[in-house]
1. Filter the cross-link list K166/K227; K230/K260; K132/K291; K115/K167; K115/K320 down to pairs whose alpha-carbon distance in this structure exceeds 22 Å.
2. For segment 234-332, what is the largest minus smallest coordinate of the Cα atoms on each principal axis, given in angstrom and ordered from greatest to least?
3. Using only helices, what value at 222 nm comes out for the chain when you add -39,500 (n - 2.57) per DSSP H run of length 4 or more and divide by the total residues, to the nearest 500 deg cm²/dmol?
4. Using the Cα gyration tensor of the chain, with a ≥ b ≥ c the square roots of its eigenvalues, what is the shape: rounded (a/c below 1.5), prolate (a/b larger than b/c) or oblate (neither)?
5. For the chain, set up a GNM with springs between Cα atoms under 10 Å and report which of V218, V67, V298 has the largest fluctuation.
6. Taking a point 7 angstrom from the Cα of E300 along the C-beta vector, which residues in segment 228-243 have backbone N less than 17 Å away?
7. For segment 225-299 and segment 118-171, write down the distance between their C-alpha centroids in whole Å.
8. From the P(r) of segment 154-280, could you give the percentage of C-alpha pairs in the tail past 19 Å?
Amino acid sequence: MNILKDQNLAKYSSMGLGGDAKYLSEIKNLEDIEEAVSFAEEHDLKTIMIGGGNNLIFSDKGYDGLVMINDIKGISDLGDNTFKVGAGEDWDEFVKFTVDKNLSGIECLSKIPGKMGSAPIQNIGAYGQEIKDTLTEVEVFNTEENKVEIIKNYESEFSYRNSIFKKNIGKYLILTITVKLNTEYIKPPLYESLQKYMDENNISDYSPASIRRAVISVRMAKLPDPKEIKNCGSFFINPIISEELQQEIIREYPDMPNWKQENGYKISAAWLLDKCGFKDFHYDNGMATWKNQPLVVVNEHAKTTSDLLEFRDILTDSVKNKFGIELKMEPVLI
Ligand SMILES: Cc1cc2nc3c(=O)[nH]c(=O)nc-3n(C[C@H](O)[C@H](O)[C@H](O)COP(=O)(O)OP(=O)(O)OC[C@H]3O[C@@H](n4cnc5c(N)ncnc54)[C@H](O)[C@@H]3O)c2cc1C
């Protein structure tokens with residue numbers, strides 16, 4: 001295993017920004033992790049593991065420690081539609097692999113960019129499915145105990161875009177995840193925008209392959225490809241607000257999309273940004289919001305993470321002043 005010194009991190013984040021890592025290494029197996037962790041201990045370095053960099057932003061200061069890039073490969077068929085997959089496998093290739101087997105469970109999560117091991121971190125979700133619905137367990141290297149552990153689904157503290165892994169970034173290095181899929185197809189009604197696409201295109205086939213095709217079409221019309229345009233997908237989490245505030249806003253904006261939750265009402269961050277005039281909004285430091293979806297912040301020609309954070313503050317301050325709602329960033333700031 002190579003440990004490289006003073007590596008620029010911008011190419012390891014789909015936002016294309018960030019300073020240097022003091023050290024960086026590619027991890028292919030458990031032995032590499034053990035070696036990297038003991039190197040870090042010897043040199044008194046902090047460590048972080050990353051996947052494809054589609055949901056993280058490196059600060060301009062970079063990372064004064066060791067960045068480990070997960071490249072652990074391998075898919076094991078455990079039978080009963082259950083697969084144990086290396087954290088470094090590509091997420092969408094695995095979705096395609098299961099769809100090709102006519103299995104259901106993650107077809108709505110098609111084309112989410114990133115690696116397998118990152119999926120449980122923020123409990124990835126789209127069009128009504130979340131990884132928590134199919135994940136059975138996660139195999140991790142616990143950096144505090146220096147040992148491999150299995151964390152079961154029910155121990156993972158999954159919630160909307162959150163988990164025990166996201167709450168403890170750096171503690172659990174994910175080695176493999178295990179998912180159990182279904183032979184039964186999903187049933188309508190699907191998530192609103194996906195159902196609308198199915199209906200408008202007269203699609204009545206709800207097989208995983210058909211749903212995957214529909215999801216890809218819907219996503220392509222709305223989201224920029226991070227390989228062509230620097231972005232991290234949704235930049236803000238949909239906020240959950242009190243019933244009192246929801247009622248107050250609804251009185252002025254009866255069309256505000258909102259969904260009842262156990263702890264309040266989830267509302268659309270994209271709608272809030274749109275109402276503040278941020279659709280296709282281009283700022284002079286090179287940051288912008290995406291023309292088809294204001295929730296996606298894109299880096300057109302910004303040079304620093306400070307530019308991005310300045311832009312973020314313009315968006316969040318405006319939403320706070322107009323609606324009294326604090327938007328929170330979805331990507332992890334490192
Ligand atoms: C265009 C676009 C669309 C997107 N759409 C969606 C969507 O619909 N739904 C959704 O939920 N997300 C979406 N995302 C966000 C992103 O794709 C997911 O969060 C994805 O899981 C990130 O994977 P990654 O490998 O790039 O993670 P990274 O960005 O590399 O890492 C994310 C976090 O996980 C940690 N991490 C990564 N791998 C490991 C590991 N093996 N062990 C321990 N920690 C680890 C990192 O330290 C970091 O904190 C989108 C992003 C883009 C750019």
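The values are calculated or read from the model by the stated rules, or taken from the named source; none is laboratory data. Because the structure is a prediction, the values reported are computed rather than measured. Glycine also receives a Cβ, built like all others from the backbone with ideal geometry; neighbour counts cover every protein chain displayed. Heavy atoms of the whole protein, side chains included, go into the accessibility calculation; ligands, DNA and RNA do not. Shrake-Rupley method; radii C 1.70, N 1.55, O 1.52, S 1.80 Å.
1. Violating the 22 Å limit, Cα to Cα: K166/K227; K230/K260; K132/K291; K115/K320.
2. Principal extents (largest minus smallest coordinate, Cα): 41, 25, 22 Å.
3. -8000 deg cm²/dmol
4. oblate
5. For the chain, modelled as a Gaussian network with Cα springs under 10 Å, the answer is V218.
6. In segment 228-243, the label zone of E300 (backbone N under 17 Å from the point 7 Å along Cα→Cβ) covers 228-232.
7. 26
8. 68
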